[in-house]
Amino acid sequence: ADLTTQRGRVFKLRNETHHLFVGLYPGTTYFFTLKASTNKGFGPPVTTRIATKIAAPSMPEYETDMPPLNETDTTITVLLKPAQSRGAPV
C-alpha cells in the first residue's frame, strides 16, 4: 500500500504473511490495526505502533574550485547551501 496519503487499507489472503508499505515519512509514528477474518466475520482488532527512523540529511553539490564570495585580510565569505532534510529535522 502506498501511504503517501497517510491512510490505506490492505487485504491479504490467508497464505500471505508479509506486506511492504511504501511512501512512509522519516521520523513519523504510524498506527497499524490488524483484523483477521473468517466466513463468520472479523475477529477483534489489534493495533500496533511503529515509528520510522529519521533519515540523515543529504548534502548539496558544491563545486570543488568555487572561489569565495568575498575576501578581506581578516574575513572570508563563502556560499552555503541548505541540506536536503528528506523529512527529518535539520
| The listed residue being assigned to a loop (DSSP other than H, G, I, E, B), modelled with pLDDT under 85 and not polar (S, T, N, Q), out of PRO68, PRO44 | PRO68
| Within region 37-90, can you find the residues that are free of Cβ contacts under 8 Å to residues at least 24 places away in the same chain and on the phi > 0 side of the Ramachandran plot? | GLY41
| task | May I ask you to verify whether PHE11 is loosely packed, with under 10 Cβ neighbours inside 10 Å, without any contact (Cβ under 8 Å) to a residue 40 or more places away in the chain and not in a loop (DSSP other than H, G, I, E, B)? | result | no
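The values are calculated or read from the model by the stated rules, or taken from the named source; none is laboratory data. Computed from a predicted model, the values in this text were never measured in an experiment. Reconstructed Cβ throughout: ideal geometry from the backbone, glycine too, with neighbour counts over all protein chains shown.
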